[in-house]
Amino acid sequence: MGNRLSKIYTRTGDDGTTGLGDGTRVAKDSARVAAYGTVDELNSALGIVLAVELPERVRETLTQVQHDLFDLGGELCIPGMAMVQEADVERLERTLDAFNEDLPPLKDFILPGGGLAAAHCHLARTICRRAEREVVTLSRHDAIRAEAIRYLNRLSDLLFVLARVLARTSGHGEVLWQHERRKKP
């Protein structure tokens with residue numbers, strides 16, 4: 001377990017730098033800080049999803065994902081650390097397949113919405129995609145394990161499927177994109 005903070009402010013970041021988990025200091029706008037910061041933002045967005053009523057299976061899944069994301073943030077914050085494993089990616093795939101199995105095939109694009117929980121899940125999905133992009137950007141400069149990128153890629157797919165599940169279980173239903181709504185001249 002890391003150090004416990006008895007004082008929340010340290011003043012060490014007043015110069016625009018922050019400390020990584022290994023003690024090195026980097027600029028607060030570095031690619032590494034952006035990547036693990038967005039993973040933290042994603043974890044917070046999932047906390048909002050978890051704050052509303054959910055089917056227990058979805059709640060258990062998202063709680064496990066929050067733990068995984070905390071591990072991933074640690075991996076990104078400590079260069080050379082390996083926390084997310086291929087087994088975590090495979091677990092996401094199995095979970096995604098299980099939730100997707102009960103859904104009808106998609107024939108149209110869906111808009112973010114379908115009730116509060118589904119809409120928050122869609123927002124979390126878009127934050128996940130941004131986190132993935134930022135980890136890819138980081139990987140162009142620093143060694144990043146492929147499992148981290150694969151985990152975020154699968155997670156965004158899972159969040160899409162969970163948003164569909166939540167839209168249906170809430171009774172709101174999915175909001176379909178009406179591509180033919182524009183009349184041709």
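The values are calculated or read from the model by the stated rules, or taken from the named source; none is laboratory data. Remember, predicted model here, so these are calculated numbers, not experimental data. When we count neighbours, we look across all protein chains shown, and the Cβ atoms used for this are built from the backbone with ideal geometry, even at glycine. With ligands, DNA and RNA removed, areas are computed over all heavy atoms of the protein, side chains included. Shrake-Rupley method; radii C 1.70, N 1.55, O 1.52, S 1.80 Å.
One table, with the values for the structure above:
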| item | result |
| --- | --- |
| The chain - percent relative contact order, Cα under 8 Å, separation 6 or more | 26 percent |
| Built amide H within the under 5 Å cut-off of Ile78, gap 5+ | Gly21 |
| Percent accessible area from carbon and sulfur atoms, the stretch 17-102, protein chains only, probe 1.4 Å | 52 percent |
| Degrees between helix 86-101 axis and first principal axis of the chain (Cα, 0 to 90, nearest 10) | 20 degrees |
| Most mobile listed residue (Leu42, Leu103, Leu162) in the chain, GNM with C-alpha springs under 10 Å | Leu103 |
| Per-residue HN-Hα couplings for the stretch 118-135 [Karplus 6.51, -1.76, 1.60; θ = phi - 60°; Hz; x = Gly/Pro] | 5, 5, 5, 5, 4, 4, 4, 4, 5, 5, 4, 4, 5, 4, 4, 4, 6, 5 |
| FRET efficiency, 1/(1 + (r/R0)^6) with R0 25 Å, evaluated for Arg140 and Glu101 via beta carbons | 0.10 |
| Estimated [θ] at 222 nm from DSSP helical runs (n ≥ 4, -39500 (n - 2.57)) normalised by residues in the chain, nearest 500 | -20000 deg cm²/dmol |
| Net charge of neighbours whose Cβ lies under 13 Å from the Cβ of Pro105, counting Lys and Arg as +1 and Asp and Glu as -1 | -2 |
| Cut-off under 5 Å, modelled amide H: who pairs with Ile110 long-range | Trp177 |
| The stretch 66-78 - phi-based ³J(HN,Hα) in whole Hz, Karplus 6.51/-1.76/1.60, Gly and Pro as x | 4, 4, 4, 5, 5, 4, 4, x, x, 4, 6, 7, 10 |
| Anisotropy class of the stretch 118-185 from Cα gyration tensor, a/c 1.5 cut | oblate |
| Cα centroid separation - the stretch 24-54 against the stretch 66-117, whole Å | 15 Å |
| 3J(HN,Hα) from dihedral phi, the stretch 48-55, Karplus parametrisation 6.51/-1.76/1.60, rounded to Hz, x for glycine, proline | 5, 4, 5, 7, 10, 5, 9, x |
| Å² per residue, accessible surface of the chain at 1.4 Å | 60 Å² |
| Estimated FRET transfer efficiency when R0 is 25 angstrom, pair Leu116-Phe70 (beta carbons, to 0.05) | 0.55 |
| GNM flexibility winner over the chain from Asp29, Asp108, Asp40 (Cα, springs under 10 Å) | Asp108 |
| Among [x] 0.95; [y] 1.04; [z] 1.01, the entry derived from the coordinates for Rg/Rh (Cα atoms, Kirkwood Rh) | [y] |
